[in-house]
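Below is one structure, written out as structure tokens; the observations come after it.
The values are calculated or read from the model by the stated rules, or taken from the named source; none is laboratory data. All figures in this text were calculated on a predicted structure; none of them were measured in a lab. Just the protein is used for accessible areas: all its heavy atoms, side chains included, with ligands, DNA and RNA removed. Shrake-Rupley method; radii C 1.70, N 1.55, O 1.52, S 1.80 Å.
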Amino acid sequence: MEHGEREPASGFEVNRIVVYKPIYIYCNTHPEVTAELVDAFRQCDINEHSDNPDLSVDTLQRKPTDKDLCTIALNIGPEYLPLALQLGLVKTELYHIEEDNRGSCVRRNIAMLFRWRENREDSATFEELRNACIRINVNPGNILKNIEA
């Protein structure tokens, strides 16, 4: 065990802990430890990743432009399917998107994001996209980086 590390508590195993700043912590196997983790992390110096966007309230509430969606599409990788499902797309839509965009993950991602925006109309905001990322345990900063505020 490294210097400064604590032994894990006995009696349970934690599979995944997600931490975002401002402090948002969720332990998927034992939600009851969340309060203790929040207190522990508040006492530590947590450095934000440089790609984590500091999106304003105005930006979070606005609908992404075509340019925004193209930028976001470049940042989506293996989380494509869970993200698409969290955004409300159904498997038949995703099948057609994948068939129409074979050979290009970026075109597939763009088509998925455009379909999401089309389906949701006014509720397709950066905030909805950020929340979908959090629900699938993906750091929103990795997906929403390089967005112009």
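Observations
- Length added when fully stretched, H96-V57, from 0.36 nm per residue minus Cα-Cα: 10.6 nm
- Residue ranking by accessible heavy-atom surface, 1.4 Å probe, largest first, among C133, C70 comes out as C70, C133.
- Once the Cα-Cα distance is subtracted from the 0.36 nm per residue extended length, the C70 to N137 segment shows a gain of 21.9 nm.
- Share of carbon and sulfur in the accessible heavy-atom surface of the range 73-149 [1.4 Å probe, %]: 47 percent
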